[in-house]
1. Given the criterion under 22 Å from Gly151 (Cα atoms), open to solvent by 30 Å² or more (accessible area, probe 1.4 Å) and not in a loop (DSSP other than H, G, I, E, B), identify the matching residue among Leu17, Leu36.
2. Report yes if Gly104 is crowded, with 20+ Cβ neighbours inside 10 Å and closer than 18 Å to Gly160 by Cα, otherwise no.
3. Out of (1) open to solvent by 40 Å² or more (accessible area, probe 1.4 Å); (2) in contact with a Leu (Cβ under 7 Å, 6 or more places away or on another chain); (3) among the basic types (Lys, Arg), what's the single condition that is false for Arg115?
4. Of the residues that sit in segment 61-84 and are open to solvent by 30 Å² or more (accessible area, probe 1.4 Å) and assigned to a helix (DSSP H, G or I), which one is nearest to Met8 (Cα to Cα)?
5. Restricting attention to segment 176-200, report how many residues are in a helix (DSSP H, G or I) and open to solvent by 60 Å² or more (accessible area, probe 1.4 Å).
Amino acid sequence: MSSFVVAMLVFDGLTHLDLAGPMDALARMPDAKVELVSQNGETVKSDLGFAVPATHSFASATAPDLIFVGGGSGVNALMEHAETLAYLAGTADRAAWVTSVCTGALVLGAAGLLRGYRATTHWTAMEALVPFGARPVDQRVVIDRNRITGGGVTAGIEFGLEIVRLLHGSDAAQAAQLGMEYNPAPPFKSGSPRDAQPEIVSRIRKRTAAITAERIEIAKRVASSHGWS
């Protein structure tokens, strides 16, 4: 049986858990081959400064069955990075699945890959999906045809398990979940703006206001340059 190739984009400023959560689930598929792809095959640094080594460059990467983009502070620059957007657009034409977690959805949007699709992203960035012609949906995982998007950070684990279910069935997904011991019991009911205390939600909104405003502005600029808005 040939491998099911998963190409996971890595870039400076990525959120490590956006990558690691989905990768742990996807790599458990029996036929999976995971490639970590950066522009030149170079090691990148996460948004916390940790090194993430790539295994392939855009030029050397295998044509994937599934392309994946995570999020992080580096997304803002990536939304206008021509080489990355061209790689994603070209790869998506051949891939069976086009996917993201967290603010990685904004990069898919900037590459023109979410127009007319339902999609989700981190709760602070939902508005930035609109200029790209996507329809924001407040769910942990959204599946619309061959586009699969996950919400913020930890939703990437559920995202990965949903893909295992789609490709290999419920039993395989449940076995992967058990192997990962994914049995969340958070210490606080504060993982969603719907549940968190209003003062905490307000604090996070203020903390992320500048980067969120920048993302919305970039999204509008990219959309305008393509005549999408």
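The values are calculated or read from the model by the stated rules, or taken from the named source; none is laboratory data. These figures come from a predicted structure and were not determined experimentally. We place every Cβ from the backbone using ideal geometry, glycine too, and count neighbours over all the protein chains shown. Note: accessible area is taken over every heavy atom of the protein model, side chains too, but ligands, DNA and RNA are not part of it. Shrake-Rupley method; radii C 1.70, N 1.55, O 1.52, S 1.80 Å.
1. Numbers: Leu36 fails: open to solvent by 30 Å² or more (accessible area, probe 1.4 Å).
Selected residue: Leu17, the only one of Leu17, Leu36 that is under 22 Å from Gly151 (Cα atoms), open to solvent by 30 Å² or more (accessible area, probe 1.4 Å) and not in a loop (DSSP other than H, G, I, E, B).
2. Considered against the rule, which asks whether it is crowded, with 20+ Cβ neighbours inside 10 Å and closer than 18 Å to Gly160 by Cα, Gly104 comes out as yes.
3. So Arg115 meets the others, but not (2).
4. Glu83
5. 4
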